[in-house]
Number of protein chains: 2
Amino acid sequence: MTHFINSRETIVTEAIEGLVASSGGSLARLDGGPFIRVVVRADWDKSRVAVISGGGAGHEPAHAGFVGPGLLTAAICGDVFASPSVDAVLAGILAVTGEAGCLLIVKSYTGDRLNFGLAAERARARGLKVEMVIVQDDIALPEISRPRGLAGTLLAHKMAGAVSEGGGDLAAVAQAAQRAASEAMTFGMSLDTCTVPGSAKEGRIQPGEVEAGLGIHGEPGAGRIAFQGARQAIAQIAGILAPRMQPGRHVALLNSLGATTDLEMQILARELLHSPIGIQITHMIGPAPMMTALDMHGFSLTVCPLTEADAALLGQPTSVRAWPGMRSIKVAAALPLPAGLEVFEPVASDSPANRAVVLCACRALIAAQADLNALDAKSGDGDTGSTLATAARALKARIDLLPLADLTQLFRAIGQELSKSMGGSSGVLLAILFAATGDALSRGLGLAAALRAGLQRMQEIGGARLGDRTMIDALQPALVALPDGLAVAASRAREGADRTAEMTRAKAGRAAYIGAAELSGHIDPGAEAVAQVLAALAARQDRSESILGIEEPNPPGC
Amino acid sequence: MTHFINSRETIVTEAIEGLVASSGGSLARLDGGPFIRVVVRADWDKSRVAVISGGGAGHEPAHAGFVGPGLLTAAICGDVFASPSVDAVLAGILAVTGEAGCLLIVKSYTGDRLNFGLAAERARARGLKVEMVIVQDDIALPEISRPRGLAGTLLAHKMAGAVSEGGGDLAAVAQAAQRAASEAMTFGMSLDTCTVPGSAKEGRIQPGEVEAGLGIHGEPGAGRIAFQGARQAIAQIAGILAPRMQPGRHVALLNSLGATTDLEMQILARELLHSPIGIQITHMIGPAPMMTALDMHGFSLTVCPLTEADAALLGQPTSVRAWPGMRSIKVAAALPLPAGLEVFEPVASDSPANRAVVLCACRALIAAQADLNALDAKSGDGDTGSTLATAARALKARIDLLPLADLTQLFRAIGQELSKSMGGSSGVLLAILFAATGDALSRGLGLAAALRAGLQRMQEIGGARLGDRTMIDALQPALVALPDGLAVAASRAREGADRTAEMTRAKAGRAAYIGAAELSGHIDPGAEAVAQVLAALAARQDRSESILGIEEPNPPGC
């Protein structure tokens, strides 16, 4: 089985059960056993003209998906790509038709024409007023006398449904559908065939080809041509439509045949509006899947001249969720980019103490380059030392441009520098740590608290927790201990870093992909970097104006 | 190229142009060149909390398709399956965020977490209030510390969007999203991998397998298992979800991953409601494509406990067309079949004259069986004679049950008999001819006019016209001549039938598939049958009470 079905025989019956059950009570179905499958509006009171359509399944959301206020009153569902029986159609007619009568909208396929046609006669014999409109919107095979009914059928559904909803009589409802049926022209293209459940897929369309002028039952199209992209595909269809189109404004119905992605459909919409016929397309329905051919990777374009009256009918709102609505085309200029995107350039200022601290940390990272690379080689690609040293050198080079005298701005500026000079996830995470610390400082927190807030933000974004074998394992205990002095913090960082050598299952970072045996006994390079920077800061000589504002006994210098 | 695109590089930019142009003015985009792709609500005035999401493209309609009232304020779009840049996210934030602040809803992928996270810091540095909720609804890989964000993200979008639309403050908006993010659980399955434009398709999933516990970027799922149909697939997911679900009612979000047909999705919906967890599913969103993986033939099921407050937010109407709405589950009994479907049993009555006419026509067809078969063998499968003779024998056998004294009912009854006893399109078309003639008689037309009306109805349904080499070529001239007497009509039928031997291009019926050389010189068997029946009727002896009501000179007998 290659589809999410239970058996080929039960596809349509079970699908209808699912559709009705998830309709929120807006749909109902007739209890007709396996052969009479009819979906009806649950709220229908027969006071207005019923609009009935249907045909083989496999065209979803058509037809059952279009049952609802202002659209279809009932949909008669055959098997996949097979017409429903006369009895099924008759059951649908009888279920929803009152004195106002009903309109049958039928796609021009022999089975549908015959079965709907005979059911109509039977209903008439029972005294019902029944009209029938046959849709033949396909223009791909101009030589045949009965063109196929394709996605243009949706226009007939909507216009008839809107007239019925407004209380129009049977003649008015039929006239609206007939107008759409007479005027709509549809042409389809596909890059692949569809897969009929239970049947082997036909490999008819070769790579590099597109099939043009195709129907909605997987049958071969009018021809296969070289595929040269979305723009060319639309240009080819526009070339076929243009000489047949009347002057004046038109609505375009852009229909996915099933598996075409929204991205592709939206690109096709763009190309349509830029095509030679684009100027006449004042309104669009879709792009959306409306009349599909199972999972066919194709689309169809329907155009129809649009009077004010048509526009009112096609644009009438409906709660039917498969109907994408008709929108007027508005190719508006893009909005200008907002102010504030330019890189934040801090105003440089000096603070000898802060300058010394920053430089001390940078020097420590530069000095640790080889050690950290060696550690990283045990669990990663051996570049942690180089990455950090590069960032440290860059920061050092820009020391005179930093707002050294303003801690809030200094942390933000360092974050910005790191996001530019340091690659990889770690660069972004450190940038977030510094930026968020600056943010916390701006909200009035003290430095130690601000650093902890920055760490928390970094953890939220990065997702790593204590014990995940990352720099957090050194940084978190150090920041917790910071109020007790830098020496204590540095000591905690060292202990934390050392503990990572026993963490044999990394849960974050690249080491997560490495086995326990490789990790055992090796300190995480990020944690080691934190320990070394803190050790250097704690060992600095010029402690009188520490940015950390923590008094300590004289330690050895940085 | 295997997709309806122009180039891999321009996919997202061009798709956004198409989306915005066909949005009816409800959407706008930032003019950010090829790398900053942001779709925003065109009507946004920054007075409320902005709800921003996004990520890589390829998940359409997420995320740009969910921009609109009561949902997202802006969507930031990366390349296919690639996170947008920090600058792109920042541009989106700056474009829509006012004093009320903004919420970022981020799927838990490293790139998205980092880039949205850093952009948030930059926006905060510019004085904006920014909150961020990370969605991690995947339950397929319980051992990982940062589960992936999947379709459950939509619940966060909708709940946050609804609170924002209602004027809630940033904390309330973030809380609503966080509730969905914390409670939603998602599990996906697929029968095939997706096709990334410009990349070869990976043939990872073998026929007969389904991949379970998959993400939305084409990456391998948690495992591949034997596929045993829709019911079993849902049962397996329900088995995983059930022990994790809280008691009480839940909403299910049933999401197509792209190429799964509506038929399949509706069957999955049905199976879900019949599954062991179905009793807890009181509401459903979808089935519909919401968070796709390009054209992946799969689906995902998200469940989330549902409080009254949640239901109000999720159920709040929105004009965003990609949002399928939340519906309450109503598994209602099917409606009984309407009365009137049973076969119409006419009240038998006698009229010696009408009986004689019917029997005469039947005898003529039975007598012509071999001739007509031989003619049909030239252009078809050689069974026209047998088909008509079988129907004639059946009608003859039921002659005593026919309403012979009531012409209207008689024609209807003959139509009904033909639809039962005569196979193929011709049987239905003749049934329509007789039924429609009866219908016309019931409206007061004389018999000749009623027969012409019946013929017209048959032609509307069948589509064949004069000259198409069908029975019409004999029937139409005969019925036109009928007011001049049966002999003239029979003569016209014969002339018309003879003309079909020169019609070398059939346009309807099976002969349409036969070449000119095969057809030339052979009369169409349907036309010949009409000519023979009319000849027999015209030659009848007992003409005093003809059903045709036409006086004629004495002809030879039937």
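A short reminder: the numbers here are calculations on the coordinates, not readings from a lab. Note that the structure is a prediction, hence the values are computed from the model and not measured. Ideal geometry is used to build each Cβ from the backbone, glycine not excepted, and the neighbour counts take in all protein chains shown.
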Task: For A:L445, label point 7 Å along C-beta direction: distances to other copies, nm - done: 8.7
Task: Per-copy distances of the A:A367 label point, shortest first, in nm (7 angstrom along Cα→Cβ) - done: 12.2
- [ ] Indicate, rounded to the nearest 5 percent, the antiparallel portion of the DSSP beta bridges found entirely in the protein assembly as shown.
- [x] 55 percent
Task: Computed log₁₀ I(q)/I(0) - Debye formula, equal Cα scatterers, no solvent, the range B:112-208, q 0.17 Å⁻¹ - done: -0.91
Task: Radius ratio Rg over Rh of the range A:69-115, counting only Cα atoms, Kirkwood formula for Rh - done: 0.96
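D for the range A:206-261, whole µm²/s, Stokes-Einstein with Kirkwood Rh over alpha-carbon pairs at 20 °C and 1.002 mPa s: what number? It would help to have the intermediate numbers written out before the result.
Working: Rh = 13.1 Å.
Rounded, D is 164 µm²/s.
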Open item on the list: Give me a comma-separated list of calculated 3J(HN,Hα) values for the range B:274-279, in order, Karplus coefficients 6.51, -1.76, 1.60 applied at θ = phi - 60°, integers in Hz, x for any Gly or Pro.
Closed with: 8, 7, x, 8, x, 4
Task: Cα principal axis extents for chain B, largest first, Å - done: 109, 50, 48
Open item on the list: Measuring from the axis that superposes chain B on chain A, report the chain B residue with the minimal C-beta distance, rounded to whole Å.
Closed with: B:A259, 2
TODO: For the range B:375-436, list log₁₀ I(q)/I(0) at each q in 0.24, 0.27 Å⁻¹, using the Debye formula over Cα point scatterers of equal strength and ignoring solvent, two decimals each.
DONE: -0.95, -1.10
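Using a 10 Å cut-off around each Cβ, can you sort B:M185, A:M265 from fewest to most neighbouring Cβ atoms? Please report the intermediate quantities before stating the final value.
Working: B:M185 21, A:M265 25.
In order of increasing Cβ crowding within 10 Å: B:M185, A:M265.
Per residue and in cubic angstrom, what volume does the convex hull of the Cα atoms of the range B:352-538 have? Numbers along the way, then the final one.
Details: hull volume 17.6 nm³, N = 187.
It comes to 94 Å³ per residue, whole-number rounded.
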Task: Whole-Hz ³J(HN,Hα) from phi, Karplus 6.51 cos²θ - 1.76 cosθ + 1.60, for the range B:291-302, glycine and proline x - done: 10, 9, 10, 6, 9, 5, 8, x, 8, 9, 10, 10
TODO: Choose one of A:M245, A:G208, A:A180: the residue whose Cα lies farthest towards the positive end of the charge dipole of the range A:118-268 (beta-carbon charges +1 Lys, Arg; -1 Asp, Glu; about the Cα centre).
DONE: A:A180
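222 nm [θ] for the protein assembly as shown, helices only, -39500 (n - 2.57) per DSSP H run of 4+, per residue, to 500?
-13000 deg cm²/dmol
Semi-axes of the equivalent ellipsoid of the range A:29-101: what are they in whole Å, largest first, if each equals the square root of 5 times a C-alpha gyration tensor eigenvalue?
19, 13, 9
Using only alpha carbon positions, build the gyration tensor of the range A:195-312, then give the equivalent ellipsoid semi-axes as the square roots of 5 times its eigenvalues, largest first, whole angstrom. Don't skip to the end; give the middle numbers.
Working: eigenvalues 137, 51, 32 Å².
Each semi-axis is √(5λ); the values are 26, 16, 13 Å.
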Task: Label zone at A:S182 (point 7 Å along Cα-to-Cβ), backbone N below 16 Å, the range A:100-133 - done: A:132-133
Task: Cα centroid of the range B:39-98 to Cα centroid of the range A:191-254, whole Å - done: 33 Å
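Charges at C-beta only: +1 for Lys and Arg, -1 for Asp and Glu. How large is the resulting dipole of the range B:15-69 about its Cα centre, in Debye rounded to 20?
Details: 5 positive and 5 negative charges, 31 e Å.
Dipole size: approximately 140 debye.
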Task: Among the listed pairs A:K378/A:K420; A:K46/B:K330; B:K107/B:K158; A:K201/B:K201; B:K378/B:K420; A:K46/B:K420, those beyond 20 Å (Cα-Cα) - done: A:K378/A:K420; A:K46/B:K330; B:K378/B:K420; A:K46/B:K420
Open item on the list: Test of understanding: extend the Cα→C-beta vector of A:S328 to 7 Å, then name every residue of the range A:255-293 with backbone N under 16 Å from that spot.
Closed with: A:280-285
- [ ] Could you order peptides B:84-95, B:487-498 by the average number of other Cβ atoms within 10 Å of their residues, highest first?
- [x] B:84-95, B:487-498
- [ ] Would you tell me the mean number of C-beta atoms belonging to other protein chains that fall within 10 Å of each C-beta in B:323-335, as a whole number?
- [x] 5
Task: Shielding by partners, peptide A:27-39 (average Cβ within 10 angstrom, other chains) - done: 3
Task: Other copies of A:T504: label-to-label distances in nm, shortest first, labels 7 Å along the beta-carbon direction - done: 9.0
TODO: Can you tell me the relative contact order of chain B? Whole percent, Cα pairs under 8 Å, sequence separation 6 or more.
DONE: 9 percent
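Give me the Å³ per residue figure for the convex hull around the C-alpha atoms of the protein assembly as shown.
167 Å³
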Open item on the list: Give the average, rounded to an integer, of partner chain Cβ atoms located within 10 angstrom of each Cβ in A:89-97.
Closed with: 3
Task: the range A:146-190-the range A:392-443 distance, computed between alpha-carbon centres (Å) - done: 64 Å
